[in-house]
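S.K.: Sharing a structure below in structure tokens format, with a few things to ask.
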Amino acid sequence: MSFRIGHGYDVHRLAEDRKLILGGVLIPYDKGLLGHSDADVLVHALMDAMLGALALGDIGKLFPDTDDEYEGADSIELLKEVNRLVEQQGYMLGNADCTICAQQPKLAPFIDGMRANIAEALGCDVSQISVKATTEEKLGFTGEGLGISATAVCLLEEME
Ligand code: MG
């Protein structure tokens, strides 16, 4: 069996009058992430990891922010599209491990909901999806509450 590993990284700025959506979960907070789509930084990092594993480019190439079709797009729906591409190449997700860097709000109560949304989109078991959250000790742009970043690594397995 052949394996491919992928890595993704994304950042979005926090802004007033935006919804905060992470892993498809709407999180109550007085700010949200700014972006052309719903700016779900966690799902964006994961999609880039999956595309990167197969050297298929990145989401900027696949879903250009100059395309009106993706304005306000639900990133979970885009993740399903990325999964279809991966399957077309003969691969499926083995597991993914993701980390969100945010000073605020506290994300622990929402982690299992994010894992469930991602697993459902990918048609896999929730045990294959790890989501973690950390602060950066008030350092840098995440620490100052200017934005939120996320990283993801994934392993893709070749299907029989
Ligand atoms: Mg993004």
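Rule-based calculations on the coordinates, nothing more; no lab input. Source: prediction; values computed, not measured. Positions of Cβ are generated from backbone atoms using ideal geometry, with glycine treated the same way; all protein chains shown enter the neighbour counts.
S.K.: Read phi for every residue in region 115-120 and hand back ³J(HN,Hα) as whole Hz from Karplus 6.51 cos²θ - 1.76 cosθ + 1.60, θ = phi - 60°, with x for Gly and Pro.
M.R.: Taking θ as phi minus 60°, the curve returns 4, 5, 4, 5, 4, 5 Hz for region 115-120.
S.K.: Using only the alpha-carbon atoms of region 14-71 as identical scatterers, what base-10 log of I(q)/I(0) does the Debye formula give at q = 0.19 Å⁻¹?
M.R.: -0.72
S.K.: What is the antiparallel percent of DSSP beta bridges lying wholly in region 1-153, to the nearest 5?
M.R.: 75 percent
S.K.: For ASP67 and GLN104 in one chain, what is 0.36 nm times their gap in residues minus the Cα-Cα distance, to one decimal in nm?
M.R.: 10.2 nm
S.K.: Something else: Using the number of other C-beta atoms within 10 angstrom as an exposure proxy, rank THR134, THR142, THR99 with the fewest first.
M.R.: The order, fewest Cβ neighbours first, is THR134, THR99, THR142.
S.K.: Under 8 Å for C-alpha pairs, at least 6 residues apart: give me the relative contact order for the chain, rounded to a whole percent.
M.R.: Dividing the mean separation by the residue count of the chain yields 34 percent.
S.K.: If you don't mind, there's one more thing I want to ask. Can you list the HN-Hα couplings for region 54-60, worked out from phi with the Karplus curve (6.51, -1.76, 1.60; θ = phi - 60°), rounded to whole Hz and with x for Gly and Pro?
M.R.: Each residue of region 54-60 in turn: 10, 6, 9, x, 9, 5, x Hz.
S.K.: Moving on to the next point. Just to be sure I understand: with springs between alpha-carbon atoms less than 10 Å apart, which residue in LEU122, LEU33, LEU146 has the highest mean-square fluctuation in the Gaussian network model of the chain?
M.R.: LEU146
S.K.: Using a 10 angstrom cutoff on alpha carbons, build the Gaussian network for the chain and name the most mobile of ILE21, ILE111, ILE129.
M.R.: ILE111
S.K.: Enter the Cα centre distance for the pair region 94-160 and region 12-43, rounded to the nearest angstrom.
M.R.: 14 Å
S.K.: What does the charge dipole of the chain about its Cα centre add up to, to the nearest 20 debye, if the Cβ of each Lys and Arg holds +1 and the Cβ of each Asp and Glu holds -1?
M.R.: With only Lys, Arg, Asp and Glu charged at Cβ, the dipole is about 480 debye.
S.K.: Once all Cα-Cα distances of the chain are split into 10 Å bins that start at 0, what whole-number percent is in each one?
M.R.: Bin by bin from 0 Å, the calculated values are 12, 43, 34, 10, 1.
S.K.: Specify the residue with the greatest mean-square fluctuation among GLN88, GLN128, GLN104, computed from a Gaussian network of the chain linking alpha-carbon atoms under 10 Å apart.
M.R.: GLN88
S.K.: Taking 22 Å as R0, compute the FRET efficiency from the Cβ-Cβ separation of THR135 and ASP112 and round it to 0.05.
M.R.: 0.70
S.K.: Can you show me the helix-derived [θ] at 222 nm for the chain, built from DSSP H runs with n ≥ 4 at -39,500 (n - 2.57) apiece and divided by the number of residues, rounded to the nearest 500.
M.R.: Mean residue ellipticity, 222 nm, calculated: -8500 deg cm²/dmol.
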